[in-house]
Amino acid sequence: MLLLSFFGSRMNAQNSSCFQGLPNSITDYNSAKTAIAIGDLNGDGTFAPQTTYYSGTKPHAIAIGDLNNDGFPDLVVANQWDNNVSIFINSGTGTFSTPVNYSVGTNPLSVVIGDLNGDGHPDIVATASNNISVLLNSGTGTFASAVYYTLSFSPTSISIGDINMDGNPDMAVVGSSSTVQVSVFLNTGSGSFSSAVDYYGGGGSYSETVVISDISGDGYPDVVVANGGTNNVSVFKNNGYGTLLTAVSYPAGTTPSSLAIGDLDGDSYPDIAITNQNSGDVSILKNTGTGTFTAAVNYSLGAPNTQPVAIALGDLNGDGKNDLAIANTYSLKATVLINDDKGTFNAAKVYAAGSSPYSSAIGDLNGDG
């Protein structure tokens, strides 16, 4: 059994049986509910009626990780209007406990999970208005009060990775700034962070999403940013000492809103998939093998007026190839693009989702592999 979860008050149990693919989670921006449907890829590929869980108001982002170290992935949801995150602990069967909420500051838009202080327990980081909120894990899946780190802009996205290769995960943050494109917080080694180091590039007035990934294959994590203000993606390569080189930008569609990184064509080099909110499509940038990228190839999402805002990458049909799952906020749809084994994609499969789905994540929530 595999699990597909959606956030949405408008999803119906009878509709959830149409979804096919590996586990996926999508937050519904206009709803205070989380809906989870369980299905069997090895059977008929359909899903059982959904189980609904209540989150906070205006859930905007989701992250999946084993917060209490019991071997089962849990859920963290950022609730924009409640100024908190909701934690759903997995029972071990893909069902979840009543959420526990933690304050993270005003207007949280992004949330990630990672072990920041090296104690073996995953911690939580959320963006809020003009700051980053860090919640350290007590070791049992409960969390200390948030510690705040100040930014010069309002953040929209955060990513965790060891940028300076000292064994401690650092943070890269982007948001609505007319000058700063990405801010990097280096970990001091105890789960606390130094002041932000700001980098500038071709991002214009609004950088939507950031991902840390070694795209050049040199062993050093690089930083990739989707720039909604300039219709491109910027790649900041790591110089090997924990600082970033001048960005190289690649054109995408209109208003890039999110990105995911992974090997799409089986050559072992990470490629970039980008949702374009206003052109309503997905751009694929293939890695040449040196950390540079070919011109974008765009794919339709199979429905008009989609406004895609989130993308997740994973093997959705069990063939060993990375597929794409997209949340489309305006059309109230979820789109699946299945990889044809060559890094190109078959015609989009479109499914009904909840009201204004706004985030997606992939993970095996019920532990069946």
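FYI, it's all coordinate maths here, none of it is from the lab. All values derive from a computational prediction rather than experimental measurement. Heads up, the Cβs are rebuilt from the backbone with ideal geometry, glycines too, and the neighbour counts pull from every protein chain shown.
Run the reach check for LYS286 against aspartates and glutamates, Cα to Cα strictly under 13 Å, same-chain hits fewer than 8 apart removed. What comes back?
ASP263, ASP265, ASP267, ASP271
In nm, to one decimal, how far is the modelled label at VAL248 from the one at LYS342, with both set 7 Å along Cα→Cβ?
Result for the modelled spin labels: 2.6 nm.
What number comes out for the charge environment of LEU136, summing +1 per Lys or Arg and -1 per Asp or Glu over other residues with Cβ under 14 Å away?
With Lys, Arg at +1 and Asp, Glu at -1, the net is -3.
Can you give the log10 of the normalised intensity I(q)/I(0) at q = 0.18, 0.21, 0.22 Å⁻¹, computed with Debye over equal Cα scatterers of region 61-152?
With no solvent term, the Cα-only Debye profile gives -0.71, -0.95, -1.04.
Once the other residues with Cβ under 15 Å from the Cβ of LYS237 are scored (Lys, Arg +1; Asp, Glu -1), what is the net sum?
-3
Can you figure out the FRET efficiency of TYR241 with THR106, using R₀ = 22 Å and their beta-carbon distance, to the nearest 0.05?
0.05
Given the Cα-Cα distance of ASN278 and THR290 and 0.36 nm per residue of separation, how much length would full extension add, in nm?
1.3 nm
For THR95 and ASP315 in one chain, what is 0.36 nm times their gap in residues minus the Cα-Cα distance, to one decimal in nm?
77.0 nm
Amide H neighbours of ASP82 under 5 Å, at least 5 residues apart or on other chains, H built in the peptide plane: list them.
For ASP82, the qualifying residues are THR57.
Run the numbers for SER138 and ASN298: contour at 0.36 nm per residue of separation, minus the present Cα-Cα distance, in nm.
Gain on extension, SER138 to ASN298, equals 53.1 nm.
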